[in-house]
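Working notes for the structure below.
None of the figures in this text is laboratory data; all of them are computed from the coordinates on show. Computed from a predicted model, the values in this text were never measured in an experiment. For neighbour counting, all protein chains shown are included, and Cβ atoms are generated from backbone atoms with ideal geometry for every residue, glycine included.
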Amino acid sequence: MTKNNKWWSGIAVPLAAILVGLVIGGVLMFITGNNPFAGYGALLSGSFGSGIDFSETLVYVNPLIFAGLSIAVAYRAGLFNIGAEGQIIVGMLASAFVGYQFAGLPRLLHLPLTLGAGMLAGALWASVPGYLKAKFGVHEVVNSIMMNYIALHLSHYLVTGPLQDPNTTLPYSPDIAQNARLWRFLSGIGSEYRVNTGIFIAILAAFVVYWLLYKTTIGYEIRAVGFNADASRYAGMNTSRAMATAMLISGALAGLAGAVQVMGIQYKFLDIFAFEGWGFDGIAVALVAKNNPIGILGSAFLFGVLHRGSQTMQALAGVPKETIGIVQALIIFIVAAEGLVKGWIPGLDKIKALFNRGKEADV
Amino acid sequence: MVSPHEKLVLEMRGITKRFPGVVANADVDFTLKKGEIHTLLGENGAGKSTLMKILYGLYQADEGEIYVHGEKREINEPNDALSLGIGMVHQHFMLIPQFSVVENLVLGTEPKRGGVFLDMAAAVRQVEDVSREYGLAIDPHAKVMNISVGMQQRVEILKALLRGAEILVLDEPTAVLTPQEVGELFTIMRNLTEMGKSIIFISHKLKEVMEISDRVTVIRRGRIIGSVTTAETNVNDLARMMVGRDVELVVSKEPAKPGPEMFRITDLHVQDDRHLPALSGVSLSVRAGEILGIAGVDGNGQNELAEAITGMRKATSGQIVLNGKDITNLSSRRVFESKVVHIPADRHRHGLVLEFSIAENMVLRTYYAPPFSNKTVLDWEVIKQEARELIEEYDVRTPNEDVLASSLSGGNQQKVIVARELAQEPELIVAAQPTRGLDVGAIEFVHTRLIEARDAQKAVLLFSLELDEILALADRIAVMYEGRIVGIVDREEATEEKLGLMMAGVSDDRTSAVAGGGEL
Ligand SMILES: Nc1ncnc2c1ncn2[C@@H]1O[C@H](COP(=O)(O)OP(=O)(O)O)[C@@H](O)[C@H]1O
Ligand SMILES: [Mg+2]
């Protein structure tokens, strides 16, 4: 198979999955007595209907892109970074702290510093399971989950103690400085337009991750180790180092999600009572994109649209928003079970065969 | 053994089977006579397994008919085949490792007491009866995961017999066996045919085929090339039919012109994964322009020796020296940079990243340095150019360098590894089972390349379980037994018998004594 044709057949499955998921969702609406066209119409108007809707959709998409990239980088090295959630939390904490503590710095310095603090904190948090995995072979999932809880409770302690805004008894940090805030570039239209330059940072990050994985030696090592650690070792690679590096990058991306959330949306650290679920949504985003960084831009957008639109769908068309949960689950299921359902999605084989035709390489 | 008038127990007519992009069987005719061993011979991917899976009901033919004992039959699933007396032992065994032999054997047909409870005693009796009847000795209570591959195969054969097989299909049964086990299998096969069973034997090893079969049918790219009786053919003809051109079965070579000693191992001690001694004081040396063959039954320390040399396993004591430089316990990359290359025994696990393209695999050793990268950023133009040149030079059959390694045939995968390693201008080549599972065309290729490397004054260390390969290539032969080198003999003095005895642990001096005694 050539690269080109791999790309096409790679995209065929997710697209078919999305289509099937949406169709089944429509059927569900129909048998529960709703008009699927009205339902999907409401969904689309909820996410695209007005400038503000679209802005809010992007606000939701923004952290999903980072989280998806984070999961994907780790996955490429054969690791499952279920700890993105915790890494996002510490990223938010660090950015909030640097954002208010160093008020007075010029923007050119303060902005990158605040972003960097979030990345560093995320990387640091990921380095614990990364190190344990590389050094002792301890499975990263268990440690990542523990690190999630440590992050959650640590943040709770900090925001009700050392990091708490001294002017209030409520559990949040002081506001970050103006110079540490990302630009809400549509705020000229109205102050409710929260979309900010974070979305461009996310898009840029996707291309950087792509470049890293496919154009650099460390990316090559990460992918080699993820596919076949034994062969990588035999070829002379330091597989532990490659895994640890992937985990660090993964953590930095998750931390970036937290930083951008603080710098563009919240402007402070707000106490978290339960996991937001970005890290876990990131798993779905990465899965549907088959861990392709550029694909993640698309799948994060899709999930953002579905999420945002499901609420208006319930309000306007009376379709329970859980319907969209089912659609999302179906999409994930179909992509994940590609092998399983191959013969089952009508025409999928034919689509793939079309892309693969004449490219049989077994000589 | 088989008279031409003897009646057919099986006839497959005009079988065609298409998979997306490939015709695996094209209008194939195949017959089996009662009591014969009939080999289906063909290169990897020729369509042998497909034809047999159709016979066994695992695949449905697109066209064609199957006659069993002269009657046309539909075989839609393995149960149909079994009820017609057709049994199959697959290339990959289908046993449950945690179960005992007898549990595996009666799985699905367990004798029951009161219709519910497994009657273990009856099951054991049943198994013992059948194993006695066919002379297949086996311990019914052993757990499958604790018995040798040869024994597992015996369990598979017994399983088919227990289910009443009269026609037995053995798909590449020798691929996983040691030479001794192959001998035992052949004895069993002869016993079975004497008792009236008919056997379809699949292989691409010509010597075996000549030894065991009554008839041979050759299949190439899904088409039948011809059927011959073994008595009227020879390995060269079979090779030509199989590959479609003349093949050098034993690569011709000039006598070695060895130079100075290049590589030396002194008193090497190494432990295996369970920290038990795997090598107990191995010493050897290789000169430039020489192939030292390492013979031995699998599991006598060959893997550990190859790994210790290539930096994949730590030595607990001893010394490895190349060109006067101590390379003991260097990392595998440092060993590689000292000009030692490695063709690993397990090419899927250790030799290739199957999900990588050919180009990516070609630089698996060298990606981290110029000209393939500036240490940080890869230069894909240069990488792809290198891959194209190696594909050309090593005759890798592929549309282009972007093809995934997983979609290449075994022979072409091995060519990728050989190309990558030999392109490094090595001083020492460690080749472990370099032709395992390859067909004759690819074997010829790999052997030629190793001889060329020798003639270019490289030192070559060849690990092989196939005595034929050792005898064809090596200039001197070291035999390993239980982590030691039992003896080292020159090629001219080596005979199969002598090596066989050494492989069983009898040291060199004793073998000459035994050989001498034999002449009396
Ligand atoms: N299930 C399958 N799906 C697609 N192609 C297959 C399948 N099984 C075999 N093939 C193809 O059919 C050809 C013959 O394969 P096989 O019968 O396994 O060869 P052999 O046993 O002679 O090595 C090969 O090109 C192989 O890739
Ligand atoms: Mg086969």
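Before moving on, here are some points about what is shown:
- Antiparallel %, DSSP beta bridges [both residues in the protein assembly as shown], to 5: 60 percent
- In Hz, Karplus ³J(HN,Hα) per residue of the range A:48-57 (6.51, -1.76, 1.60; θ = phi - 60°; x = Gly, Pro): 10, x, 9, x, 5, 4, 5, 4, 5, 4
- Compared with the direct C-alpha span, the chain from B:Ser283 to B:Thr187 gains 30.8 nm at full extension, assuming 0.36 nm per residue.
- The GluC sites (Glu not before Pro) of the range B:30-93 that meet both conditions, a loop assignment by DSSP and at most 13 other Cβ atoms within 10 Å of the site Cβ, are B:Glu74.
- A compact globular protein would have a Cα radius of gyration near 2.2 N^0.38 Å; the ratio found for chain B is 1.06.
- Placing dummy labels 7 Å off each Cα toward the beta-carbon, the span from A:Phe80 to A:Leu154 is 2.4 nm.
- Quick note on the range A:205-323: its Rg to Rh ratio, both from C-alpha atoms and Rh being the Kirkwood radius, is 1.08.
- A:Phe136-B:Leu58 FRET efficiency (beta carbon distance; Förster radius 45 Å; 0.05 resolution): 0.55
- Under 23 Å from B:Lys112, Cα to Cα: lysines that are on another chain or at least 8 residues apart: B:Lys143, B:Lys159
- Sequence-distant residues sharing a close amide H with B:Gly296 (under 5 Å, placed H): B:Met480
- The range B:345-424: proportion of alpha-carbon pairs further apart than 20 angstrom, %: 23 percent
- Mean per-residue shielding of peptide A:216-229 is 5, counting Cβ atoms of other chains within 10 Å of each Cβ.
- Shielding of A:232-242 by partner chains, average beta-carbon count, 10 Å: 6
- Among residues other than A:Ala180 with Cβ under 15 Å from its Cβ, the summed charge is +3 (Lys and Arg +1, Asp and Glu -1).
- Simple spin-label estimate for B:Asn76 and B:Asp468 in nanometres, 7 Å along Cα-Cβ: 4.3 nm
- For the pair the range B:44-111 and the range B:395-425, the centres of their Cα atoms are 34 angstrom apart.
- The dipole here belongs to the protein assembly as shown: it is taken about the Cα centre, uses +1 on the Cβ of Lys and Arg and -1 on the Cβ of Asp and Glu, and is about 2520 debye.
- R0 of 30 Å, Cβ-Cβ distance B:Val321-B:Glu392: FRET efficiency to nearest 0.05: 0.25
- Inter-part distance where the range A:229-260 and the range B:433-502 are each reduced to a Cα centre, Å: 41 Å
- When A:Val262, B:Val341 are arranged by Cβ crowding within 10 Å, least crowded first, meaning fewest neighbours, the order is B:Val341, A:Val262.
- Taken as Cα centroids, the range A:295-330 and the range B:309-354 sit 54 Å apart, rounded to the nearest whole angstrom.
- Here B:Val176, A:Val27 are placed in order of increasing Cβ neighbour count within 10 Å, fewest first, which gives A:Val27, B:Val176.
- 20 Å Cα-Cα reach of B:Lys314 towards lysines, excluding residues that sit fewer than 8 places from it in its own chain: A:Lys135, B:Lys325, B:Lys339
- In this calculation the C-beta distance from B:Met94 to B:Asp237 is compared with R0 = 41 Å, giving a FRET efficiency of 0.70.
- Karplus 3J(HN,Hα) series, Hz, for the range A:118-132 with 6.51 cos²θ - 1.76 cosθ + 1.60 (x for Gly, Pro): x, 4, 4, 4, x, 5, 4, 4, 6, 5, 5, x, x, 5, 4
- Coil-residue GluC sites (Glu not before Pro) of the range B:228-267, DSSP, other Cβ within 10 Å capped at 12: none
- Neighbour-limited loop hits for trypsin sites (Lys or Arg not before Pro), the range B:270-351 (at most 15 other Cβ within 10 Å; DSSP other than H, G, I, E, B): B:Arg274, B:Lys314
- Backbone phi angles across the range B:319-334, fed through the Karplus curve with coefficients 6.51, -1.76 and 1.60 (θ = phi - 60°), yield HN-Hα couplings of 9, 10, 10, 10, 6, x, 9, 6, 10, 4, 6, 6, 5, 4, 5, 5 Hz in residue order; Gly and Pro are listed as x.
- Residue order for B:Asp267, A:Asp281, B:Asp273, fewest other beta carbons within 10 angstrom first, comes to B:Asp273, B:Asp267, A:Asp281.
- Note on B:358-370: average number of Cβ atoms from other chains within 10 Å of each residue's Cβ is 3.
- Modelled label positions at B:Asp273 and B:Ala175, each set 7 Å beyond Cα in the direction of Cβ, lie 2.2 nm from each other.
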